[in-house]
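The values are calculated or read from the model by the stated rules, or taken from the named source; none is laboratory data. Bear in mind the structure is a predicted one, so any value in this text is a computation, not a measurement. Backbone-built Cβ (ideal geometry, glycine too); neighbour counts: all protein chains shown. Please note that ligands, DNA and RNA were not included when accessible areas were found on the heavy atoms of the full protein model with its side chains. Shrake-Rupley method; radii C 1.70, N 1.55, O 1.52, S 1.80 Å.
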Amino acid sequence: MILTLTWKELREHQGVWLTMAIMTVGAAWGLPHIVAMGDRNLGTHVAALTLLGLAATYGVVCGSMMFAGEHEGGTLVFLDIFHGRRGMLWLAKFAIGAMLVVAQAVAVALTFGTLKQEAPAWAMAIVGQNAHRPSAIVWLLILPVVSLEAYAWGLLGSSLTRRVLAGAAVAAVGVTPVWLLAIITSPPVFFTFQLIVAGIVLVISYSSFVYQSREGTPASPMKPEGPLDSKEDFLEQW
């Protein structure tokens, strides 16, 4: 069942995965050349903001598709029937989505590491580090953290709503205040706060999905108002 579920998720997510990967690389590489106009320092900041924004966007979208997508497609009832336990289903879909999110983050990070795209010093605060001149390879650490945090919020929105767009909106509203705290806290405090909040968000998502009402529950059979006619009565009336 796990292999079947994995194959199903890969088929459903492959288009979004490829689109977001190409969009992230293209925007983060091309936008600084348009905006910075030769200013290397400004180009570094624009590229970093673009990378982080699109990495978080894919995390939110991937998480929102996990459960809300099943509601929209009407396939959750079949997963309930064939998989049985909601808890195991949540864990399986969480693991598959995390794999997709990390795979894209690593692919994008390796691309920009090859392009020698350096990260600004403030980007290291996301992973609880202080750095004055981080190298391009730190994207391998930064992007997975950003994507996974956004993915956790996407799972929360997906488990609270029945539409992918609504789930993404819930995730965006929830994660924005957390990221704004980066402005007023030190890197170690902010990173610790990120981990705690992400853990709480995952617990709420798990509980909401496991205990929500199931779709497609068979209704009680209708009882006839009176005794059924016999075969002879039916033939006589016909």
> Somewhere in segment 105-119, is a residue part of a helix (DSSP H, G or I), in contact with a Gly (Cβ under 9 Å, 6 or more places away or on another chain) and at pLDDT 90 or above?
Replying inline: yes
> Considering only segment 97-113, how many residues are within 20 Å of Q212 (Cβ to Cβ) and open to solvent by 10 Å² or more (accessible area, probe 1.4 Å)?
Replying inline: 0
> So which residues in segment 10-69 are hydrophobic (A, V, I, L, M, F, W, C), at negative phi and part of a loop (DSSP other than H, G, I, E, B), if there are any at all?
Replying inline: A36
> Just one of L202, L140, L156 is touching a Phe, Trp or Tyr at 6+ places or on another chain (Cβ under 9 Å) and part of a helix (DSSP H, G or I); which is it?
Replying inline: L202
> From the list M65, M23, M1, which one is among the aliphatic types (A, V, I, L, M), modelled with pLDDT of 90 or more, farther than 20 Å from A109 by Cα and open to solvent by 20 Å² or more (accessible area, probe 1.4 Å)?
Replying inline: M65
> Restricting segment 26-49 to residues that are closer than 28 Å to A152 by Cα and buried (at least 21 other Cβ atoms within 10 Å of the Cβ), which is farthest from the chain's Cα centre (by Cα)?
Replying inline: A47
> How many residues does segment 159-191 hold that are part of a helix (DSSP H, G or I) and either closer than 21 Å to A119 by Cβ or open to solvent by less than 50 Å² (accessible area, probe 1.4 Å) (or both)?
Replying inline: 20
> Within segment 68-78, restricting attention to residues that are under 18 Å from the mean Cα position of the chain (by Cα) and free of Cβ contacts under 8 Å to residues at least 40 places away in the same chain, which residue is most open to solvent (accessible area, probe 1.4 Å)?
Replying inline: G73
